[in-house]
1. Go ahead and run the numbers for FRET between ALA148 and ARG11, Cβ-Cβ distance against an R0 of 35 Å, rounding to 0.05.
2. Tell me, what is the FRET efficiency for ARG18 and VAL92 to the nearest 0.05, using R0 = 35 angstrom and their Cβ-Cβ distance as r?
3. What is the set of long-range amide H partners of SER93 at a cut-off below 5 Å, with H atoms built 1.01 Å from backbone N?
4. Would you mind computing Rg(Cα) / (2.2 N^0.38 Å) for the range 76-157, counting N as its residues?
5. Tell me, THR129, THR135 in order of fewest to most beta-carbon neighbours within 10 Å?
6. So if I take the centroid of the Cα atoms in the range 131-158 and the same for the range 77-101, what is the distance between those two points in Å?
7. Neighbouring Cβ atoms within 10 Å as the yardstick, rank ARG12, ARG121 fewest first.
8. Give me the net charge of ARG141's neighbourhood, meaning all other residues with Cβ under 15 Å from the Cβ of ARG141; Lys, Arg count +1, Asp, Glu -1.
Amino acid sequence: MNIYSQGDVMRRREEIVRIVRDTRVHSQEELLALLKKRAVHVTQPTLSRDLRELGLVKTANGYVAPGAPVATFVPRDVTEGRFEHLVRDFVVSAEAAGNLVVIKTPAAAAQPVASAIDTTRVDDDVLGTIGGDDTIFVAFRTIASAAAFARRVQQIAGLTPSRRAARP
């Protein structure tokens, strides 16, 4: 059952296109948040359908409208700035565990942060990133690289490294 009137659908889709043209949007979660700020309420499945029907394409640089030029190069300072901004705003903890770094965020914030990690190429030793709803796993080639990245994320986010109580 479609709970949206035709006018609602058109307004929402116009707003989606406007946002994508004016703002770099890397995930549906980011787009949902931007729509909510503009008082446009939509479910994720409906947004996914809208994106498909509008012909929007997801690229490494975010969603683009049909016919829009697709940039293949984004300066490092732009991707680095986005990474640092998202880490400052959303990371609540970062801890190395062997060659993995486990990053915690509020609900629905892990995907944008994980995307920024992938886009920024934060370290040549990164093997891969998995972002869930509120947790990100970043796999590194070495334990030292994982520890250095965890410290960097903690520093950007203004966190102090977690201290574990000594076991008796």
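Every number here is computed from the coordinates shown, using simple stated rules; none is lab data. Just so it is clear, the model here is predicted, and its values are computed rather than measured. Heads up, the Cβs are rebuilt from the backbone with ideal geometry, glycines too, and the neighbour counts pull from every protein chain shown.
1. Step by step, r from the Cβ atoms, then E = 0.15.
2. Efficiency, from the Cβ-Cβ distance: 0.65.
3. LYS104
4. The value comes to 0.94.
5. THR135, THR129
6. So the separation of the two Cα centres works out to 7 Å.
7. Final ranking by Cβ density, sparse to dense: ARG121, ARG12.
8. -2
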